[in-house]
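One structure is given here, and the rest of the page talks about it.
Just so you know, all these numbers are worked out from the coordinates, no wet-lab data involved. Remember, it's a predicted structure, so these values are computed and weren't measured experimentally. Neighbour counts run over all protein chains shown; Cβ positions are idealised from the backbone, glycine included.
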């Protein structure tokens with residue numbers, strides 16, 4: 001079956017612009033995660049959704065970052081007033097065991113590479 | 001707070017040789033431990049995980065890892081590597097008291113040479 005997909009695969013923008021990154025999780029997966037991966041680093045947790053609600057957004061670095069999942073499937077990560085330091089690969093993952101979140105295997109998408117000039 | 005340290009950023013090894021990728025974690029509570037692999041131009045995928053029970057965990061592609069609570073380690077091993085094992089390997093930790101946050105290490109790049 002289809003895995004987690006993310007669009008676009010690459011996004012180049014200018015400092016100060018607004019961007020949206022999309023994640024399509026595996027069908028039926030109730031849990032969805034966003035991570036940020038900088039060069040030479042592991043994924044850094046940003047936010048976790050259980051269904052439509054953000055159950056844990058403690059990883060969002062500041063109020064320029066926001067994510068939604070209005071119908072409990074597709075999610076959009078929104079970054080306002082982008083800065084050069086936001087350049088990274090943004091990863092999305094989903095899991096089908098939301099109630100056992102910390103134990104669950106996460107299925108990752110290929111990521112969106114964001115470059116802020 | 002939890003943290004993960006992967007002690008080697010790069011591990012070069014010849015084909016058919018054994019390999020160990022080291023991972024240490026820090027946590028004041030019981031943890032769940034994972035190893036994920038990222039092949040070139042692909043998303044991360046789970047190799048294996050430790051939740052409870054037997055401390056020796058077997059995963060896909062012939063990999064295994066051993067949970068050592070006293071040394072707070074979860075090292076990944078394979079007795080004989082193949083060229084196709086060349087990838088980035090990430091150790092990760094989560095817990096029931098850490099919300100739904102999974103903390104990843106910085107990764108170890110395994111490079112298998114012919």
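Just checking, how many residues over region B:39-54 are at the interface with another protein chain (Cβ under 8 Å from one of its Cβ atoms) and not in a loop (DSSP other than H, G, I, E, B)?
3
Out of region A:8-36, which residues are under 23 Å from residue A:96 (Cβ atoms) and within 14 Å of chain B (Cβ to nearest Cβ)?
A:23, A:24, A:25, A:26, A:29, A:30, A:31, A:32, A:33, A:34, A:35
Within region B:79-111, track down each residue that is touching a helix residue (DSSP H, G or I) at 6+ places or on another chain (Cβ under 9 Å), more than 9 Å from chain A (Cβ to nearest Cβ) and surrounded by 22 or more Cβ atoms within 10 Å (Cβ to Cβ).
B:81
Can we say residue B:5 is assigned to a loop (DSSP other than H, G, I, E, B) and surrounded by 12 or more Cβ atoms within 10 Å (Cβ to Cβ)? Steps first, please.
Working: assigned to a loop (DSSP other than H, G, I, E, B): no; surrounded by 12 or more Cβ atoms within 10 Å (Cβ to Cβ): yes.
Considered against the rule, which asks whether it is assigned to a loop (DSSP other than H, G, I, E, B) and surrounded by 12 or more Cβ atoms within 10 Å (Cβ to Cβ), residue B:5 comes out as no.
A quick yes/no check of all residues on (1) touching a residue at least 24 places away in the same chain (Cβ under 8 Å); (2) surrounded by fewer than 15 Cβ atoms within 10 Å (Cβ to Cβ); (3) under 20 Å from residue B:3 (Cβ atoms):
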| residue | (1), (2), (3) |
| --- | --- |
| A:17 | yes, yes, no |
| A:25 | yes, no, no |
| A:36 | yes, no, yes |
| A:52 | no, yes, no |
| A:94 | yes, no, no |
| A:113 | yes, no, no |
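Kindly provide the set of residues from region A:28-45 that are outside any loop (DSSP other than H, G, I, E, B) and closer than 15 Å to residue B:109 by Cβ, ordered by number. Write out each step before concluding.
Within region A:28-45, the subset outside any loop (DSSP other than H, G, I, E, B) is A:31-37, A:44-45.
Hit for region A:28-45 is A:37, nothing else.
Do the conditions hold for residue A:20, that is, is it part of a loop (DSSP other than H, G, I, E, B) and over 30 Å from residue B:110 (Cα atoms)?
No: the conditions fail for residue A:20.
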